[in-house]
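Encoded as structure tokens, the structure appears first; notes follow it.
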Amino acid sequence: MQEGICLITPPSVFLLDERVFMNLGILKVAAVLEQAAIPVEVLDLSGVQNFEEAVADHAVSSRCRIFGLTATTPQLPAASRICAVIRRVRPEARVILGGPHVTLVNAAFKRERKNAIDGRAGRALRQLRETFDVLVAGDGEEAIFQATQPGAPPLIDADEPSSLLFLSNRRLAEIPLPARHLVDVESYHYTIDGTPALSMIAQLGCPFGCGFCGGRDSSFLRRVRTRPSTNVVAEMVHLYERYGVRGFMLYDDELNVNPKMVELMDLIAKAADRLGTSFRLRGFIKAELFTDEQAHHMYRAGFRWILTGFESGSPRILKNINKRATIEDNTRCIEIARRHGLKVKSLMSLGHPGESEETIGQTRAWLLQTQPEDFDLTIITTYPGSPYYDHAVPHPEKPGVWIYTVNSDVLYSYELDYSQVADYYKGDPNGGYQAYVYTDHLSCEELVKHRDAIEREVRHKLKIPAAAGAAAQRYEHSMGQFGVLPPNILRSSEPARHAAAS
Ligand code: B12
Ligand code: SF4
């Protein structure tokens with residue numbers, strides 16, 4: 001029988017609820033392997049507290065010798081621990097790491113190399129190389145076949161548009177849909193206005209250059225790549241027919257950077273009519289590109305919500321972020337949405353260069369003035385691969401502190417060992433935040449204090465309930481099931497496909 005590949009999604013213990021959106025990237029890699037009749041196992045550890053036990057139990061009996069992990073930066077500590085478990089129980093195994101973290105570290109490293117700097121991205125990449133056997137940066141769909149070959153190079157760079165491994169628009173449309181059947185779809189629970197929904201990626205890339213956003217030097221994350229509108233609609237129809245869902249969360253970075261967005265909305269509306277149903281959609285919009293025409297067609301397609309990264313109510317901070325949108329653009333975006341019956345979730349953040357009590361006050365005032373139906377307020381984290389990280393220089397006096405300067409305003413960030421610290425994203429919004437950044441005007445603690453105060457006040461005044469979390473699950477192997485993982489954690493491609501490959 002042909003050797004299989006076990007693909008693993010590490011947990012994200014820092015998320016409020018881990019079974020909301022399944023990881024589509026690794027399921028795209030699984031789909032191309034299945035298409036090539038290579039047996040695939042998917043170990044979905046999202047929400048599994050004792051994940052190392054689950055990995056040990058499975059790896060010891062798995063027929064796979066190749067293990068492929070995905071990781072964002074905050075998932076890296078868990079991914080490193082998973083790798084250590086595999087090495088312990090299966091010393092002969094090959095462990096591949098793909099996903100956003102390695103992609104971003106590699107992009108930052110290439111930038112350092114271009115500028116002849118031996119810097120922290122180079123160190124981070126070396127650390128990854130010491131931990132994993134093969135690293136894959138960028139698109140995984142073609143690269144996985146190289147990574148699994150005997151004698152594969154330690155780093156495969158599929159994040160270069162000149163590489164055959166970098167997917168063209170045409171190839172993007174040809175590759176199979178994410179292999180969602182290899183995770184327990186039922187255990188994921190997301191609704192849009194009460195309608196059960198699944199997430200989708202219709203296009204890749206965002207051409208903008210916001211300072212806190214990862215991948216501004218990565219073609220994988222920056223170059224806009226689209227699929228034909230008919231191809232996107234076909235995925236929706238498939239999800240409707242196979243899983244019975246009418247809700248779709250579009251996780252494209254910014255839907256309206258696609259010049260064919262209105263055409264796409266029309267085709268979605270027509271598909272729903274043809275099926276005799278109505279869809280409910282949610283997705284991200286770039287504020288200054290938003291128009292009445294887009295809003296009208298989005299509503300017809302089934303959108304009732306848009307999410308927009310407005311980030312700040314301060315003109316100075318918007319400039320420092322390099323957001324491009326002005327306060328007026330942002331307010332106008334909300335007005336357009338309102339005219340067309342679309343609710344707005346305003347995505348806001350604190351802790352940018354030059355952040356002060358005054359700029360935070362402007363953010364608070366803008367939220368209260370524009371009254372979004374929902375909002376999110378985070379403190380930014382300087383992840384590798386974002387301009388705030390990549391363009392920072394060491395503090396001349398304080399070891400472990402980095403300085404990013406823009407328009408004479410400064411952001412200080414603490415150096416973190418990303419292989420150890422699962423940096424904070426969303427915990428308990430009432431008192432669970434930490435900051436690893438500060439400015440000339442506000443300390444880490446003050447940023448957290450202001451964030452918590454605005455969260456409480458704005459939610460109270462606008463009557464917006466706080467998001468609820470979900471308890472993590474424990475994998476139990478004490479019931480005579482040693483080595484057999486339940487189907488909500490482990491799924492394999494169908495035996496018929498295995499047989500075809502043997
Ligand atoms: C959807 C999404 C989420 C969702 C769902 C996450 C999930 N379960 O997938 C939610 C809302 C939960 C979320 C949360 C967060 N996210 Co998010 N998210 C995204 C988003 C918009 C789309 C992800 C996606 O599906 N992409 C499309 C697929 C095809 O790409 P992919 O997953 O990277 O997989 C491809 C390759 O990476 C590679 N690959 C991936 N895995 C593997 C494995 C192997 C073995 C191989 C060979 C290849 C391979 O092949 C895949 C197919 O091409 C991305 C931005 C983006 N456009 O990618 C940000 C992004 C991944 N998120 C990001 C961040 C920072 C976060 C948060 C920390 C929140 C925050 N503070 O902003 C949290 C942390 C979540 C976590 N689990 O770690 C950053 C990651 C930065 C980093 N350094 O890792 C990104 C890149 C946004 C950005 N531009 O800054 N996120
Ligand atoms: S924050 Fe949004 S608009 Fe800015 S670069 Fe990232 S994806 Fe693009």
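Things worth noting here:
- The solvent-accessible area of HIS189, taken with every protein chain present and a 1.4 Å probe, is close to 100 Å².
- Distance from the alpha carbon centroid of the stretch 113-181 to that of the stretch 338-383 works out to 35 angstrom.
- Model label points for GLU288 and ARG339, set 7 angstrom from Cα along the Cα-to-Cβ axis, are 2.0 nm apart.
- By the Cβ rule of 4.7 Å, the chain holds the following cysteines without a possible disulfide partner: CYS83, CYS206, CYS333, CYS444.
- Relative contact order of the chain, defined on C-alpha pairs under 8 angstrom at six or more residues apart (%): 18 percent
- The stretch 280-327 versus the stretch 58-72: alpha-carbon centroid distance in Å: 40 Å
- Taking every DSSP helix (H) stretch of at least 4 residues in the chain, weighting each as -39,500 (n - 2.57) and dividing the sum by the residue count yields a mean residue ellipticity at 222 nm of -11000 deg cm²/dmol.
- When only Cα pairs below 8 angstrom with a gap of at least 6 residues are kept, the stretch 88-170 shows a relative contact order of 29 percent.
- Computed over protein heavy atoms with a 1.4 Å probe, the carbon and sulfur contribution to the accessible area of the chain reaches 52%.
- Hypothetical label at LEU164: residues of the stretch 25-48 whose amide nitrogen lies under 18 Å (7 Å Cα-Cβ projection): 33, 36
- Amide proton proximity set for PHE303, modelled H, under 5 Å, gap of 5+: LEU281
- List ARG280, ARG126, ordered by accessible area with a 1.4 Å probe, largest first: ARG126, ARG280
- For VAL344, net neighbour charge (Lys/Arg +1, Asp/Glu -1) across residues whose Cβ lies under 9 Å away: +1
- Taking other residues whose beta carbon is less than 13 angstrom from the beta carbon of VAL60, and scoring Lys, Arg as +1 and Asp, Glu as -1, yields +1.
- Chain lengthening between SER278 and VAL393 when straightened (0.36 nm per residue, less Cα-Cα): 36.2 nm
- Accessible area per residue for the chain is 41 Å², calculated with a 1.4 Å probe on protein heavy atoms, without ligands, DNA or RNA.
- Measuring nothing but how far apart in sequence close Cα pairs (under 8 Å, 6+ apart) lie, relative to its length, the stretch 1-64 scores a relative contact order of 51 percent.
- Of all DSSP bridge pairs formed entirely within the chain, close to 30 percent run antiparallel.
- Filtered GluC sites (Glu not before Pro), the stretch 79-144: DSSP coil and at most 14 other beta carbons within 10 Å: GLU92
- Reachable lysines from LYS286, criterion Cα separation under 22 angstrom, eight or more residues apart if same chain: LYS260, LYS319, LYS323, LYS343, LYS345
- Environment charge of SER229, counting only residues whose C-beta is closer than 10 Å and scoring Lys/Arg +1, Asp/Glu -1: 0
The values are calculated or read from the model by the stated rules, or taken from the named source; none is laboratory data. These figures come from a predicted structure and were not determined experimentally. No Cβ is skipped: glycine too gets one built from the backbone with ideal geometry, and neighbour counts run over all protein chains shown. Surface areas here come from the heavy atoms of the whole protein model, side chains and all, with no ligands, DNA or RNA. Shrake-Rupley method; radii C 1.70, N 1.55, O 1.52, S 1.80 Å.
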